[in-house]
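The values are calculated or read from the model by the stated rules, or taken from the named source; none is laboratory data. What you see is a predicted model; the values in this text were computed from it and never measured. FYI the Cβ positions are ideal-geometry reconstructions off the backbone, even for glycines, and counts take in every protein chain you see.
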């Protein structure tokens, strides 16, 4: 009788501790870290935590590249963007995610952020990711390979993908006068104290894009600019593009000589530091 009561009490104690262990073992959010082992009397058991992992993948067709020039090339001096969408099609939220990016190939002058933390991606949700890619003036002609993936602490990250993009070295622009014309005066001749117009055609004759170009007309002494446009700004000057500039001028009585020499000064931003070119031009 005493033995029966003892065994009955032991079974009740065993069931109690079994329920306690089951209560603390099951978590709706966590991933399996390790098994829980326990032993009581002549009984031993192992309890595994519930598994609810995320499953991350890069959405097919979502990878794209954008560059300021619109030529799908990383030009020197540009900041481009690599974009894609990642999806969580698993059973649990994806936490502690990191984006890793590696560049190979013609990487001179190319810069990307190699590691970046990401927000939580809940079950069934998507996250759009944007990777800046910058190219300085040391960029060379070639091809750069951008490999990217999402890492998840428990090994449920995305597969790596690689994008291949051409790179283009810096090409300096060249702004110069390609034609000019003089109108007004008297009978086609320039006469002192009678206004005349000087029409100048400037062009970017090289393959590089010029930005923030300033054209300054510097007349000789006793030749005055009436039009008030001694300095003309051109925000952007594409290769081969021309700009027509008209100046209204007048010569006073103190001018001596038969020819009127002019100088045009060009200042252009090459993406690094402004450079100045002086062009003599009758």
- [ ] Considering (1) on the phi < 0 side of the Ramachandran plot; (2) in a strand (DSSP E or B), say which one residue 192 fails and leave the rest.
- [x] (2)
Open item on the list: Please determine whether any residue of segment 186-193 is touching a strand residue (DSSP E or B) at 6+ places or on another chain (Cβ under 6 Å) and not assigned by TED's automatic domain parsing to the domain that holds residue 61.
Closed with: yes
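Residue under question is residue 143, and the condition is that it be surrounded by fewer than 16 Cβ atoms within 10 Å (Cβ to Cβ) and closer than 30 Å to residue 90 by Cα; does it hold?
no
Give 173, 68, 132 a once-over and let me know the one that is surrounded by fewer than 16 Cβ atoms within 10 Å (Cβ to Cβ) and in a loop (DSSP other than H, G, I, E, B).
Criteria check complete, one pass: 68.
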Task: Residue list for segment 83-114, restricted to those being part of a strand (DSSP E or B) and either over 14 Å from residue 58 (Cβ atoms) or in contact (Cβ under 8 Å) with a residue 60 or more places away in the chain (or both) - done: 84, 86, 94, 98, 102, 103, 104, 105, 110, 111
Task: Residue list for segment 146-167, filter: part of a strand (DSSP E or B) and surrounded by fewer than 20 Cβ atoms within 10 Å (Cβ to Cβ) - done: 147, 149, 151, 161, 162, 163, 164, 166
Open item on the list: Please verify whether residue 182 is more than 20 Å from the chain's Cα centre (by Cα) and within 30 Å of residue 261 (Cα to Cα), treating the condition exactly as stated.
Closed with: yes
